[in-house]
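Read through the structure below, which is laid out as structure tokens, and then see the notes.
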Amino acid sequence: MSPSAPQQTSTLPVIQPKPITNENFERWGQVVRLPDSDPNAVQVNQGTAQKFSHLAKFINLRPAATDSANPNPALATAEANIAIFKCYKPVQDSQFQIKLLERHSYSSQMFMPMGGDGNGSYVVVTAENGPDDKPVLETLQAFRCNNTLGINYKPNVWHHPMIVVEKPVQFMTITYESGVGLEDCEEYWFTKEAGGVQGGAAALINLV
């Protein structure tokens, strides 16, 4: 049994992922996909390709190094990091325990599957930020995406690291990073005191 398999389920909320759409994911970010129609699409490359623009919003909330009006000079400047996440261990269990969430307070973060054929999928989990600056468990949502769709989180959105099911997926990611750990990525681990039970699990995500 893999580490994600629950030992007990009676006390944990169970979340059923919904198919992701532009509309139901709007509060968390954007779905990166080919539009069904786009009046602003243009023909490029001598008429051999069609270009669809502005499908997501890359946001860097850190001030530029040359900004003399920087209200927070202690905040390090950042540059875009184009990286590849190789998610090579798909979850095999029917349910997945949510034990932590993370956020990128000053940057959007895009995940775009590479070579997606539509036969694999992944699950995105999000939650709102509370007045105590921690994720609100009651707002937890889950979305199912096939591997032809990308997603782009808005800055400061609590989310779970990518949950890949069925088959491995490689993602190209773009995140503005400074190299300062907590500024780039902040983790929140659920504990019994924070609402999590069973070794820190706070909820279960159905994967079937």
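The values are calculated or read from the model by the stated rules, or taken from the named source; none is laboratory data. What you are looking at is a predicted structure, and each value in this text was computed from that prediction instead of being measured. Methodologically, a virtual Cβ is constructed for each residue, glycine included, from the backbone with ideal geometry; neighbour enumeration extends over all protein chains shown. Just the protein is used for accessible areas: all its heavy atoms, side chains included, with ligands, DNA and RNA removed. Shrake-Rupley method; radii C 1.70, N 1.55, O 1.52, S 1.80 Å.
Straight-line reach only, C-alpha to C-alpha below 19 angstrom: list the aspartates and glutamates that LYS18 could link to, leaving out same-chain residues fewer than 8 apart.
GLU26, ASP93, GLU128, GLU138, GLU166
Considering the chain as a Gaussian network with a 10 Å cut-off on Cα pairs, which listed residue, ALA41, ALA56, ALA78, attains the greatest mean-square fluctuation?
ALA41
Return the sequence-ordered ³J(HN,Hα) values of region 41-52 in whole Hz as given by the Karplus equation 6.51 cos²θ - 1.76 cosθ + 1.60 applied to θ = phi - 60°, using x for Gly and Pro.
For region 41-52, the Karplus-derived couplings read 5, 10, 7, 9, 6, 6, x, 9, 8, 10, 10, 10 Hz, x marking Gly and Pro.
In whole percent, how big is the carbon plus sulfur part of the accessible area of the chain, probe 1.4 Å, protein atoms only?
That fraction is 51 percent.
Can you tell me the FRET efficiency between LEU34 and THR173 if r is taken as the Cβ-Cβ distance and R0 is 25 Å, rounded to the nearest 0.05?
With a Förster radius of 25 Å, E is 0.80.
Scattering from the C-alpha atoms of the chain alone, worked out with Debye: what is log10 I(q)/I(0) at q = 0.16, 0.17, 0.18, 0.19 1/Å?
Once normalised to I(0) and log-transformed, intensities are -1.14, -1.25, -1.35, -1.45.
For an R0 of 41 angstrom, estimate the FRET efficiency from the Cβ-Cβ distance between GLN43 and THR139 and round to the nearest 0.05.
After rounding, the FRET efficiency stands at 0.45.
Calculate how many DSSP beta bridges within region 29-166 are antiparallel, expressed in % of all such bridges and rounded to the nearest 5.
95
Just tell me which lysines come within less than 16 Å, Cα to Cα, of LYS99; anything on the same chain fewer than 8 places away is out.
The qualifying lysines are LYS134, LYS192.
Subtracting the Cα-Cα distance from 0.36 nm times the residue separation, let me have the gained length for PHE58 to VAL208 in nm, one decimal.
Between PHE58 and VAL208, full extension yields an extra 50.8 nm.
Calculate, in nm to one decimal, what LYS51 and ASN81 gain on full extension: separation in residues at 0.36 nm each, minus their alpha carbon distance.
The span from LYS51 to ASN81 would gain 8.5 nm if fully extended.
Any idea of the accessible area per residue across the chain, 1.4 Å probe, to the nearest Å²?
Value returned for the chain: 55 Å² of accessible area per residue.
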